[in-house]
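Colleague: Supplied in structure tokens, the structure appears directly below.
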Amino acid sequence: MSAPAPSGTAGYGRVLGVPEFRAVFAAHVLSMLGVIVSEIALSVLVYDLTGSPLLSALTFALGFLPYLVGGTLLAGVGDRYPARRVLVVCDLVCAGCVAVMAVPGTGIGVLLGLRCALAVVSPVFSGTRMATLSDILGGGDLFVLGRSLLRIVAQSALLVGYGLGGLLLAVLSPRHALLITVAGFLASAALLRLGTRHRPARARGAGTRERGGTRRLLADPRVRRLLLLFWVPAMFAVVPEALAAPYADALGTGSPGLGLLMCALPVGTVAGELYAGARLAPAARERIALPLVRLTLLPYLGYALHPSLAVSSLLLALAGAGSAYTLGLDQWFVRAVPQELRGRAMTVLSAGLMTIQGVGMALAGVAAEAVGVRATVAGAGAVGAVCCCALAAAARRTAPTGSWQGRDLAVVTGGDRKPRQG
């Protein structure tokens, strides 16, 4: 276990006081910016080579689809091998893939294949990194705040990364921009190798039990409900983002309106998480988790009233702020999963989250073709809220069940009861 943070600091400052976490945090910033810049540069490169909008868009879609493959086939890698080694190797593999993309003359098929390879590696990296946080920060409040900070970085990178990518491509060719991404992945690997200490594999000696770990995770009703509480709201939450371009066109606001709509949800998410992490105590964050799950999609109902651009952006920001429920879920999830399966559990969580968002975007497009953009977003708010209420009710009814380590799992009641150690 890493040394605890200085006791005099508060909120996120306690997490940043842990030296190993600072290395993970800096590596996360570099890798996130690298991924976003590479997505933009590769999309532009494919369009320059083919002139096909379909193939250019496909480069983005390939960032979602292979997540399921990586999360299913490689879920146990983070537990079978030392976490630091897995993280460094993942960064080096990503650097190698992007370096090949930057080589002049690389064909379209190879470019798309390498894009798939990056997406397969990504859930393994993110799942292993999240499990490593529980080693560095423990399974309590520091873990929740650390995971929240990484999510805030991811949302902020969407705002900064696309702008940075556009500026880079204004002065560099797409292949040269990809070389900057390679440098980012290599720097991330160096930070993780030098800034974190070696820890043995979590599943060492688990034998055949570890090989069936995913089935064992999903067999526990508590874990299944928590996974659904992460996944289902996210599937409906991406609907306005998927339809932002046609909605901005319907409003007649053009590119400035599109940019505002794309930024509103991440801005709300960052604001909600920052407030919950910095101002609320751990027990309060757990108490508000289930109420926020029920409420977070309700602002989408406002789309039925044909709101203006400003009101639409406000509705999206409110919905984003509601995603602060994830801080409470993080605490319950890390308690529910035994240590030797945390890498696998976090990989399954990450892969499922990305896959379900891709499904949500696709379904949003199909629905919008049939009933229009406003009705689709409002419908997503209504159907999503009903699903979230049902999941929250099911989670509240969950009875304590014995875990694989002989402890009782806490009842998910919004923080009313604490987990009992067996």
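The values are calculated or read from the model by the stated rules, or taken from the named source; none is laboratory data. Since this is a predicted model, take the numbers as computed values, not measurements. Positions of Cβ are backbone-derived with ideal geometry, glycine not excepted, and every protein chain shown enters the neighbour counts. Just so you know, the surface numbers come from the protein's heavy atoms only, side chains and all, with ligands and any DNA or RNA stripped out. Shrake-Rupley method; radii C 1.70, N 1.55, O 1.52, S 1.80 Å.
Colleague: Out of the stretch 290-336, which residues are outside any helix (DSSP H, G or I), among the hydroxyl-bearing types (Ser, Thr, Tyr) and at pLDDT 95 or above?
Modeller: Once the filter is applied, which keeps residues that are outside any helix (DSSP H, G or I), among the hydroxyl-bearing types (Ser, Thr, Tyr) and at pLDDT 95 or above, the stretch 290-336 yields only THR296.
Colleague: What is the number of the single condition among (1) at pLDDT below 85; (2) in a helix (DSSP H, G or I); (3) within 22 Å of the chain's Cα centre (by Cα) that GLY139 does not meet?
Modeller: Tallying (1) at pLDDT below 85; (2) in a helix (DSSP H, G or I); (3) within 22 Å of the chain's Cα centre (by Cα), GLY139 fails exactly one: (2).
Colleague: Given the criterion in a helix (DSSP H, G or I) and surrounded by fewer than 19 Cβ atoms within 10 Å (Cβ to Cβ), identify the matching residue among LEU159, LEU118, LEU178, LEU149.
Modeller: On inspection, the qualifying residue turns out to be LEU159.
Colleague: In addition: Report yes if LEU192 is more than 25 Å from LEU353 (Cα to Cα), at pLDDT 90 or above and either open to solvent by less than 20 Å² (accessible area, probe 1.4 Å) or of a type in the set (A, V, I, L, M) (or both), otherwise no.
Modeller: no
Colleague: While we're looking at this one, here's another question. Across the stretch 95-113, which residue is farthest from the chain's Cα centre (by Cα) among those that are open to solvent by less than 40 Å² (accessible area, probe 1.4 Å), more than 13 Å from ARG175 (Cβ to Cβ) and of a type in the set (A, V, I, L, M)?
Modeller: Looking at residues that are open to solvent by less than 40 Å² (accessible area, probe 1.4 Å), more than 13 Å from ARG175 (Cβ to Cβ) and of a type in the set (A, V, I, L, M), I get LEU112.
Colleague: It is to be established whether one or more residues within the stretch 259-275 are under 26 Å from LEU349 (Cβ atoms), of a type in the set (S, T, N, Q) and open to solvent by 10 Å² or more (accessible area, probe 1.4 Å).
Modeller: Among the residues of the stretch 259-275, at least one is under 26 Å from LEU349 (Cβ atoms), of a type in the set (S, T, N, Q) and open to solvent by 10 Å² or more (accessible area, probe 1.4 Å), which makes the answer yes.
Colleague: Right, next: Kindly evaluate ILE356 against the criterion of being surrounded by fewer than 24 Cβ atoms within 10 Å (Cβ to Cβ), among the hydrophobic types (A, V, I, L, M, F, W, C), under 25 Å from PRO221 (Cα atoms) and modelled with pLDDT of 90 or more.
Modeller: No; evaluated as a whole, the condition is false for this residue.
Colleague: OK, next. Going residue by residue through the stretch 345-353, is there one that turns out to be touching a Lys or Arg at 6+ places or on another chain (Cβ under 6 Å), part of a helix (DSSP H, G or I), open to solvent by less than 50 Å² (accessible area, probe 1.4 Å) and at pLDDT 85 or above?
Modeller: Taking the stretch 345-353 as the starting set, the residues that turn out to be touching a Lys or Arg at 6+ places or on another chain (Cβ under 6 Å) are none.
No, there is no match, as no residue in the stretch 345-353 is touching a Lys or Arg at 6+ places or on another chain (Cβ under 6 Å), part of a helix (DSSP H, G or I), open to solvent by less than 50 Å² (accessible area, probe 1.4 Å) and at pLDDT 85 or above.
Colleague: Inside the stretch 276-304, can you point out the residues that are closer than 12 Å to ALA319 by Cα and open to solvent by less than 30 Å² (accessible area, probe 1.4 Å)?
Modeller: Within the stretch 276-304, VAL293, THR296, LEU297, PRO299, TYR300, GLY302 qualify.
Colleague: Kindly provide the set of residues from the stretch 247-292 that are more than 21 Å from the chain's Cα centre (by Cα) and among the hydroxyl-bearing types (Ser, Thr, Tyr), ordered by number.
Modeller: Result: TYR247, THR253, SER255.
Colleague: Identify, by number, the condition in (1) modelled with pLDDT of 80 or more; (2) out of contact with any Cys (no Cβ under 9 Å at 6 or more places or on another chain) that VAL182 doesn't meet.
Modeller: It fails just one condition, (2).
Colleague: Then there's this: Can you say whether ALA170 is in contact with a Cys (Cβ under 8 Å, 6 or more places away or on another chain) and open to solvent by 20 Å² or more (accessible area, probe 1.4 Å), as far as the supplied structure shows?
Modeller: So ALA170 does not fit the description; no.
Colleague: Which one of these does LEU290 not meet: (1) in contact with a Leu (Cβ under 8 Å, 6 or more places away or on another chain); (2) over 28 Å from THR253 (Cβ atoms); (3) among the aliphatic types (A, V, I, L, M)?
Modeller: LEU290 satisfies every listed condition except (1).
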